[in-house]
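Below: one structure, written as structure tokens.
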Amino acid sequence: MRHVLLAGTAASALLASPVLAADLPVRKAPLMPAAAVYDWTGFYLGGHLGGAWGDKDWVAVGVGPLGSHDVDGFIGGGQVGFNYQAGRWVFGVEADFSWADVDGHHIDNVFLGDNRTKVDWFGTVTGRIGYTFDRTLLYVKGGGAWARDVYTITATGFFAQTSDTNWGWTVGAGLEYGMTPNWSLKLEYNYLSFDTQRVTFVPNTGGPFDRDVDQQIHVLKAGINYRFGARY
């Protein structure tokens, strides 16, 4: 009899187990938070360093070509701008300014003077459009440019120097990477063209004369930006 009672008790426990299990609360796996999307929208301020190179073609007005020379050197400056992100596309505007030590010279083939050009500074105001891969932004840009040049001609007993601010246009492309919600690094190339500028010299001897100088500048720079009010 005792064995029958034990067997009945065991059977009752087995039958009751699914019922008790059904009454227990079901534990659900915790929900994983959605992956954060990097946001490029906002005002930003930054700085840059790099190098510039180009060529300067000189022409004596009324005489003819005087030859050309290359220029190269270092640049450094800052930029300010605003981005607006719509989906993966980023639209923006940017203004930058660079101090420059970019110069070169050549001996002309007519008057045998030493013609020298030095770029003191330049700046651009551009629109930007880019496409994002989360923290990576690829972009192109284009707009207006200006540069301050110093022109010098020297020869035996002869010296003439003048400076001018030249206006032109620029196009460029770059890559920017977001390190944190606020900070990003960038690498950028720009092409600046100032077409032909007429420059008037007043020498230490004789009267004034004109030169036409055609000039282009290539710029490669690395920079860092701080974006205000970044969201992540």
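What follows draws every value from the coordinates through simple rules; no lab data is involved. Since the model is a prediction, treat every value here as computed from it, not as a measurement. Glycine gets a Cβ as well: all are built from the backbone with ideal geometry, and neighbour counts include every protein chain shown.
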Notebook entry, point to check: Loop-only check: which trypsin sites (Lys or Arg not before Pro) in region 116-185 are DSSP coil with at most 16 other Cβ within 10 angstrom?
Noted result: ARG135
Check: Using alpha-carbon positions, what is the distance between the centroids of region 46-74 and region 199-218, in Å?
Finding: 13 Å
Margin query: Calculate log10 I(q)/I(0) of region 109-161 for q = 0.26 Å⁻¹, where I(q) comes from the Debye formula with a single equal point scatterer on each Cα and nothing for solvent.
Written below: -0.97
Checklist line | Stokes-Einstein translational diffusion, region 51-227 - Kirkwood Rh over all Cα pairs, 0.890 mPa s, 25 °C, in µm²/s | finding: 139 µm²/s
Margin query: Is there a quick way to get the dipole size of region 51-227? I mean about its Cα centre, with the Cβ of Lys and Arg at +1 and of Asp and Glu at -1; what is the value in debye to the nearest 20?
Written below: 700 debye
